[in-house]
Amino acid sequence: MSILNKIFIFLFLFLLATKIIAQDFVLDQITVSANKITTPISKTGTNISILNKDTIRESSGNFFSEVIDNTPGITVYQSGPIGTITNIYTRGFGNKYSKIYYNGIEISDITAPQVTPEVRGITTNNLNKIEILQGSQSALYGSEAIGGTFFLESEKIGQSGDETKIGFEYGSYNTRKLNFSTGRKYENGFISLSYSNYQTDGFTALEKNIVNPEDDGFSSSEILINSETDLKNGTKISFNILNILNKGDYDNSFGGTPNERDVTGYSYDQNLRGFSTTVETNSDFVSHKLSLNSLGSNRTEYSPFGNFDYYGTRTNLDYQAELGLNFGKVILGLGGVSDVADIDEKKKDATTISAFSSILTKPTDNSTLDVTIRLDNHSKFGNKTTGRVAATYNPSQNLILKIGGGTGFRAPSLYELNTQWGGNINLKPENSSNIDAGLNYMLENSGLELQASIFKTEVKDEIIYSFSDGYSQSENSTKRQGLSIGVDYKISDASKLNLKYATTTDEKGNNVSRIPKNSISLNGQTILFDKLNISANLKVVRDLEESGVKMKDYNLLNSKLNYQLTDKTQLTLSAENLLDENYETAKGYSTSERAFYLGYNANFWLIIEYN
């Protein structure tokens, strides 16, 4: 389907929606990432998806990467079982074009050839909300924010009172999971501690027809500490600590038959250590926010050829002021990023200083307009300017139209600039442009809501690598375009359905490697007897190719049952790949067979008295 046909479909949906009986409709979900301040989704033109706590809990997956895989425009490419290399494609662009923040900590691994977010080991146990901004967001978030920007928020255990939660799970592939969290409320705030541990024997990362396959296991431990204090004078202070320790096996990816590649001796250890702290002050006219976050990544890869260590740290310092004026709001920001990493056993570093300004206004009573411009000064290549414009229009109370566009960039990594294996200190940033449009419509009395969006993104000056020339700048551009449609139907207070369709292609309508040209996701959830919650997801993937090789179409069915034993205890039964499909998401790498996982969760209030 050409982009023109998609536009015609989009316009048809718009015209249809405007003719349906108008009813009161309010999008009451709140985002804090789309404009860097608290904003109703209905008042921002940014294309945003929010996965709330219920959606996360209903998923059969144990990890963040599994939960987002059914979001339109998102494709998760994984070279084997949990713990192997995981690449998140947003709108057809891979990890190096994405940024992920976890409780305000940017979880970017700067030791990789390209700066990429590290998602292995991020479980769903403690997640409360996931916000996903799709499209170029560099005007707000700087380098790498081209395909998508993700914001993960953990539960604030203890915010409502002293509380403790504990959970266990066991299942296929000798998979064991333990999660524990506890929180205490005090007069002006709270503090919480969460711990989760996941271990599995896994299965071979390579094809399932290998003779005597060697399983690739994985273990992960995650520790979160969160605190928040209200000083009662208009000032709030928050502090977060993150520590993730991953250990996993993987298979040789360099040539040979699958049996020759599926051998022991390939494994890795990884430790991610991060923190964030924020101070906010508010007055009648202006609000100030000062944030500091840092992540250190320490990874060792073991192979028959030797052990290789990688270490790096990215630190961000940001200040922003929010001013309320007669015509709307103005946001002013200053920031700095420091990257330090060992490249070929030599310490290398780069810094970026940035400034941005946003204006959020309402040209009319039923429209909004956001305009942002940003200047970054990089210590290696100099200045880079990016911008973003987003708008909404409400022709009726039940219909919201959105349109937006922006530019973005990806700065060359420390490795691309400095490695002895073809590094190029003269590299310039990659540049992107993006435009998208969407609508939200709700027929309130029927419980039916429609979402639709189209997008087109182009990346120029891509940094490429060849054995003969090393890293250089490409003269070609990479283009992606797509359409997504979603329908939410609330059947009753106890049951709901969600249907999503997405297509992503290049500018000619052809397949993009590793991205399904057509995918459908059908989600259903119902409550029986007030105690049994049943959720299921059917994912239909068609027209998937990798490097020009067509891969098998597949239908993936997952389900989860939650049975409420008491007010505070719960049993869960998760099932993956119920149809027992023999399928691949990455060419030459295995996926799970039919698998089952049984879990138990409990939460209770702690009463602690002090003399």
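The values are calculated or read from the model by the stated rules, or taken from the named source; none is laboratory data. None of the values given here were measured: they were computed from a predicted structure. Ideal geometry is used to build each Cβ from the backbone, glycine not excepted, and the neighbour counts take in all protein chains shown. Protein only, heavy atoms only, side chains kept; ligands, DNA and RNA dropped before computing areas. Shrake-Rupley method; radii C 1.70, N 1.55, O 1.52, S 1.80 Å.
Data overview
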item: Filter result for Tyr195 (more than 26 Å from Ser238 (Cβ to Cβ), modelled with pLDDT of 90 or more and part of a strand (DSSP E or B)); result: no
item: Answer from Asp349, Asp376, Asp344 - the residue that is among the acidic types (Asp, Glu), touching a residue at least 12 places away in the same chain (Cβ under 8 Å) and at positive phi; result: Asp344
item: Of the criteria (1) buried (at least 22 other Cβ atoms within 10 Å of the Cβ); (2) free of Cβ contacts under 8 Å to residues at least 60 places away in the same chain, which one Val67 fails; result: (2)
item: Residue ranges of strands (runs of 3 or more DSSP E) in the range 508-603 with at least 3 members among the small types (Gly, Ala, Ser); result: 518-528
item: Unmet requirement for Arg120, which otherwise passes all of (1) more than 11 Å from the chain's Cα centre (by Cα); (2) not in a loop (DSSP other than H, G, I, E, B); result: (2)
item: Scan of the range 236-268 for residues that are of a type in the set (S, T, N, Q) and modelled with pLDDT of 95 or more, ordered by number; result: Ser238, Asn240, Asn243, Asn246
item: Of all residues in the range 209-229 being among the polar types (S, T, N, Q) and open to solvent by less than 50 Å² (accessible area, probe 1.4 Å), the one that is farthest from the chain's Cα centre (by Cα); result: Thr229
item: Test: residue in the range 459-475 that is closer than 30 Å to Thr55 by Cβ and under 28 Å from the mean Cα position of the chain (by Cα); result: no
item: Test: residue in the range 488-496 that is open to solvent by 20 Å² or more (accessible area, probe 1.4 Å), touching a residue at least 24 places away in the same chain (Cβ under 8 Å), basic (Lys, Arg) and not in a helix (DSSP H, G or I); result: yes
item: Residue in the range 444-451 that is open to solvent by less than 10 Å² (accessible area, probe 1.4 Å) and assigned to a strand (DSSP E or B) present; result: no
item: Filter pass, Ala411 being at pLDDT 95 or above and touching a Leu at 6+ places or on another chain (Cβ under 8 Å); result: no
item: Qualifying residue in the range 424-439 (condition: touching a residue at least 60 places away in the same chain (Cβ under 8 Å), assigned to a loop (DSSP other than H, G, I, E, B) and under 19 Å from Ala139 (Cβ atoms)); result: yes
item: Any hit, the range 418-428, residues being surrounded by fewer than 23 Cβ atoms within 10 Å (Cβ to Cβ), within 28 Å of the chain's Cα centre (by Cα) and polar (S, T, N, Q); result: no
item: The lone exception for Ile41 - which of (1) open to solvent by 10 Å² or more (accessible area, probe 1.4 Å); (2) touching a helix residue (DSSP H, G or I) at 6+ places or on another chain (Cβ under 8 Å); (3) aliphatic (A, V, I, L, M) it fails; result: (2)
item: The range 123-153, residues that are over 22 Å from Asn52 (Cβ atoms), assigned to a loop (DSSP other than H, G, I, E, B), small (Gly, Ala, Ser) and open to solvent by less than 10 Å² (accessible area, probe 1.4 Å); result: Ser136, Gly142, Ala145, Gly147
item: Test result for Ser547, open to solvent by 70 Å² or more (accessible area, probe 1.4 Å) and small (Gly, Ala, Ser); result: yes
item: Test: residue in the range 429-436 that is over 30 Å from Asn537 (Cα atoms), among the hydroxyl-bearing types (Ser, Thr, Tyr) and open to solvent by 30 Å² or more (accessible area, probe 1.4 Å); result: yes
item: Residues of the range 474-486 satisfying the condition of being open to solvent by 50 Å² or more (accessible area, probe 1.4 Å) and in a strand (DSSP E or B); result: Lys479
item: Those residues of the range 292-335 which are of a type in the set (Lys, Arg) and within 24 Å of the chain's Cα centre (by Cα), in sequence order; result: Arg299, Arg314
item: Residue among Ile527, Ile520 that alone is under 24 Å from Ile68 (Cβ atoms) and either touching a residue at least 24 places away in the same chain (Cβ under 8 Å) or within 25 Å of the chain's Cα centre (by Cα) (or both); result: Ile520
item: Options Lys177, Lys156, Lys99; residue that is at pLDDT below 95 and either touching a Ser or Thr at 6+ places or on another chain (Cβ under 9 Å) or in a strand (DSSP E or B) (or both); result: Lys156
item: Whichever residue in the range 371-396 is more than 20 Å from Ser433 (Cβ to Cβ) and of a type in the set (S, T, N, Q) and, among such residues, is least open to solvent (accessible area, probe 1.4 Å); result: Thr392
item: Selection from the range 170-185 of residues that are touching a residue at least 40 places away in the same chain (Cβ under 8 Å) and either within 29 Å of Glu593 (Cα to Cα) or among the acidic types (Asp, Glu) (or both); result: Tyr170, Gly171, Ser172, Tyr173, Thr175, Lys177, Asn179
